[in-house]
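Engineer: Quick one: this structure, given as structure tokens, is what I'll be asking you about.
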Amino acid sequence: MTNSSTTHKDKLKKSLLKFFVFIFWLGIWQVAYIFVASELLLPSPVHTFRRLFELAQTGDFWLKSLFSLLRITEGFGLGVLAGILLALLTSVFEPARYFISPAMGLVKSTPVASFIILALVWMGKGAVPVFIAFLMVLPVIWSNVSEGIMQTDKDLLEMAKVFKLSKSKKIGKIYVPAVLPYLFAGATTSLGFAWKAGIAAEILSLPLKSIGKELYHSKIYLETTDLFAWSAMVILMSSVLEKLLAHLLNKIKKES
Amino acid sequence: MSIKLLDITKSFGGKKVLKNLNLDFPDSGLVCVLGNSGSGKTTLLRLIADLETADYGTVEIDAGRKISYVFQNDRLLPGFSTLENVALVSDTETAKLWLDRFELGNALGKKPRQLSGGMRRRVALARAFAFLQPGDILLMDEPFKGLDAELKSRIIPFMTDFAKQGLVILVTHDEKEAALADLTFYIDEL
């Protein structure tokens, strides 16, 4: 048997396993629904997916999902960028680390809800989810990239010094390859944080055209099926986004 | 004199590795540094290469002479090909020439992890030679470790050839290599 056919078989096995796990949990959900016997407390999976399908027929559903996606990816992108720049600053200028480090610790340990409420006072409702996603990403990227810079092979840096490599060669050929795995790990971890916290921020700030606002309305009007349908959309978008990011990062890794 | 070490003292964690060391190196030739392990041979090379600072004393090197270094470990960029690793310090043609001389012409596109230990050693040697111009200084810290005798015998002439037009400082444990030297310093006795 060739290696490729073994890999193909393994992949098929994994996919099948995933499918059965999915069916298993759907079954548990259905059993719980029968047991609870109240659509208000726990809608059935069939009703949830039917509702999701109905919602998906409307343009408004996609527009709201798109706006939420844009807000959170904007916050994520800004967080990645600021995290990298801040890590560069604190690596080049060591005293800056003493000032930045406690601030990052504070951001990490403060409850997200506190920041959301503060942000509601400080800025417009559309900006709150962007800011919250940004805050979730910033400390993770900062600490990961800083760690990557610190862990850069000292032997290679000495080699660069002896052979008088230019700054651009040193950065491009030694620092970047050393930092990339740390940056990728940070980006993958923080994307999930950004997505969850961003939606929570939408629920509290209620910007126009947002998944968060729909979740809030479902709660107010006791539309539990809608709540589940929108939540299913959040999970779906989150996993698609994570897969896309992983694919993109893999591509960059292969090219570098 | 091309390199002058004046009253050098260097300690690591309270342990003196070099003490009041004075050495004059000639402009060219093959100078061998011998000594027991831990006697400070590598530290001596690192001081010359400006990778360490002496606690006391000064290192004087003629202006305009570049220093190339074959480290004890290969120090190759893991994500880059053999050719890219050597072309990092020279132009591509020079890099190819030296890789060819060290019998790596058919491994230009291979990355360090795809090479054997001996091949990686040769890439490190090719990089050091590709960086050199006549009159420069070549520091070699046990450069032929891991190479078989036959390959070593084909590579050594490149070192002795360069020693005619520049300075080679060789740290080794091998008596045969040491026998090639124009001048030998026994660092234990310093």
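The values are calculated or read from the model by the stated rules, or taken from the named source; none is laboratory data. For clarity, every value in this text was computed on a predicted model and none was experimentally measured. Methodologically, a virtual Cβ is constructed for each residue, glycine included, from the backbone with ideal geometry; neighbour enumeration extends over all protein chains shown.
Let's see how each residue does on (1) free of Cβ contacts under 8 Å to residues at least 40 places away in the same chain; (2) among the β-branched types (Val, Ile, Thr); (3) crowded, with 20+ Cβ neighbours inside 10 Å:
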{"site": "A:164", "(1), (2), (3)": "yes, no, no"}
{"site": "A:169", "(1), (2), (3)": "yes, no, no"}
{"site": "A:184", "(1), (2), (3)": "no, no, no"}
{"site": "A:189", "(1), (2), (3)": "no, yes, no"}
{"site": "A:200", "(1), (2), (3)": "no, no, no"}
{"site": "A:204", "(1), (2), (3)": "no, no, no"}
{"site": "A:209", "(1), (2), (3)": "no, no, no"}
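Engineer: Moving on. Can you work out which of the residues in the range B:80-107 that are in contact (Cβ under 8 Å) with a residue 24 or more places away in the chain and more than 23 Å from residue A:169 (Cβ to Cβ) is nearest to the other protein chains (Cβ to nearest Cβ)?
Structural biologist: B:101
Engineer: Also, I was wondering about something else. Looking at B:77, B:51, which is the one that is within 13 Å of another protein chain (Cβ to nearest Cβ), touching a residue at least 12 places away in the same chain (Cβ under 8 Å) and outside any helix (DSSP H, G or I)? Reasoning before the result, please.
Structural biologist: Values: B:51 fails: touching a residue at least 12 places away in the same chain (Cβ under 8 Å).
One residue alone meets the criteria, B:77.
Engineer: Looking only at the range A:121-132, which residues are loosely packed, with under 15 Cβ neighbours inside 10 Å, assigned to a helix (DSSP H, G or I) and among the aliphatic types (A, V, I, L, M)?
Structural biologist: Going through the range A:121-132, the residues loosely packed, with under 15 Cβ neighbours inside 10 Å turn out to be A:121-124.
From what's left, assigned to a helix (DSSP H, G or I): A:121-122.
The answer is A:121, and nothing else.
Engineer: Still on this structure, I have one more. Against the condition surrounded by 13 or more Cβ atoms within 10 Å (Cβ to Cβ) and more than 22 Å from the chain's Cα centre (by Cα), how does residue A:51 come out, does it pass?
Structural biologist: Working: surrounded by 13 or more Cβ atoms within 10 Å (Cβ to Cβ): yes; more than 22 Å from the chain's Cα centre (by Cα): yes.
Judged against the criteria, residue A:51 is a match.
Engineer: Is there a residue in the range A:96-108 that is in a loop (DSSP other than H, G, I, E, B) and of a type in the set (Val, Ile, Thr)? Write out each step before concluding.
Structural biologist: Here is the first cut: in the range A:96-108, the ones in a loop (DSSP other than H, G, I, E, B) are none.
Scanning the range A:96-108, I find no residue that is in a loop (DSSP other than H, G, I, E, B) and of a type in the set (Val, Ile, Thr), so the answer is no.
Matching residues to (1) farther than 17 Å from residue A:68 by Cα; (2) part of a helix (DSSP H, G or I); (3) at pLDDT 90 or above; (4) hydrophobic (A, V, I, L, M, F, W, C):
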{"residue": "A:208", "(1), (2), (3), (4)": "no, no, no, yes"}
{"residue": "A:214", "(1), (2), (3), (4)": "no, yes, no, no"}
{"residue": "A:218", "(1), (2), (3), (4)": "no, yes, no, no"}
{"residue": "A:230", "(1), (2), (3), (4)": "no, yes, yes, yes"}
{"residue": "A:242", "(1), (2), (3), (4)": "no, yes, no, no"}
{"residue": "A:248", "(1), (2), (3), (4)": "yes, yes, no, yes"}
{"residue": "A:251", "(1), (2), (3), (4)": "yes, yes, no, no"}
{"residue": "A:254", "(1), (2), (3), (4)": "yes, yes, no, no"}
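Engineer: Across the range B:117-147, what is the total count of residues that are in a helix (DSSP H, G or I), among the small types (Gly, Ala, Ser) and either within 12 Å of chain A (Cβ to nearest Cβ) or out of contact with any Phe, Trp or Tyr (no Cβ under 8 Å at 6 or more places or on another chain) (or both)? Let's see the steps before the verdict.
Structural biologist: Taking the range B:117-147 as the starting set, the residues that turn out to be in a helix (DSSP H, G or I) are B:117-131.
Applying the additional criterion that residues be among the small types (Gly, Ala, Ser) yields B:117-118, B:124, B:126, B:128, B:130.
Checking which are either within 12 Å of chain A (Cβ to nearest Cβ) or out of contact with any Phe, Trp or Tyr (no Cβ under 8 Å at 6 or more places or on another chain) (or both) leaves us with B:117-118, B:124, B:128, B:130.
The qualifying residues number 5.
Engineer: Would you check which residues across the range B:94-116 are assigned to a helix (DSSP H, G or I) and surrounded by 16 or more Cβ atoms within 10 Å (Cβ to Cβ) and list them?
Structural biologist: In the first step, residues of the range B:94-116 are kept if they are assigned to a helix (DSSP H, G or I); the result is B:94-101, B:105-107, B:112-114.
Those that are assigned to a helix (DSSP H, G or I) and surrounded by 16 or more Cβ atoms within 10 Å (Cβ to Cβ): B:94, B:95, B:96, B:97, B:98, B:99, B:101, B:107, B:112.
Engineer: When the range B:54-74 is examined, which residues are found to be among the β-branched types (Val, Ile, Thr) and facing another protein chain (nearest Cβ under 8 Å)? Working first, answer last.
Structural biologist: First, the residues of the range B:54-74 that are among the β-branched types (Val, Ile, Thr): B:58-59, B:61, B:67, B:70.
Once the filter is applied, which keeps residues that are among the β-branched types (Val, Ile, Thr) and facing another protein chain (nearest Cβ under 8 Å), the range B:54-74 yields only B:67.
Engineer: Same structure, new question: Mind listing just one residue for me: the one in the range A:133-180 that is in a loop (DSSP other than H, G, I, E, B) and not acidic (Asp, Glu) and, of those, nearest to the other protein chains (Cβ to nearest Cβ)? It would help to see each step written out before you state the result.
Structural biologist: So in the range A:133-180, the residues in a loop (DSSP other than H, G, I, E, B) come out as A:151-153, A:163-166.
Cutting the leftovers down to not acidic (Asp, Glu) gives us A:151-152, A:163-166.
Details: A:151: 14, A:152: 12, A:163: 4, A:164: 8, A:165: 7, A:166: 10 Å.
It comes out as A:163.
Engineer: Being surrounded by fewer than 18 Cβ atoms within 10 Å (Cβ to Cβ) and acidic (Asp, Glu) narrows it down to one of A:153, A:226, so name that one. It would help to see each step written out before you state the result.
Structural biologist: Details: A:226 fails: surrounded by fewer than 18 Cβ atoms within 10 Å (Cβ to Cβ).
Only one candidate qualifies: A:153.
Engineer: Which of (1) surrounded by 15 or more Cβ atoms within 10 Å (Cβ to Cβ); (2) over 30 Å from residue A:150 (Cα atoms); (3) of a type in the set (A, V, I, L, M) does residue A:46 not meet, given it meets every other one?
Structural biologist: (1)
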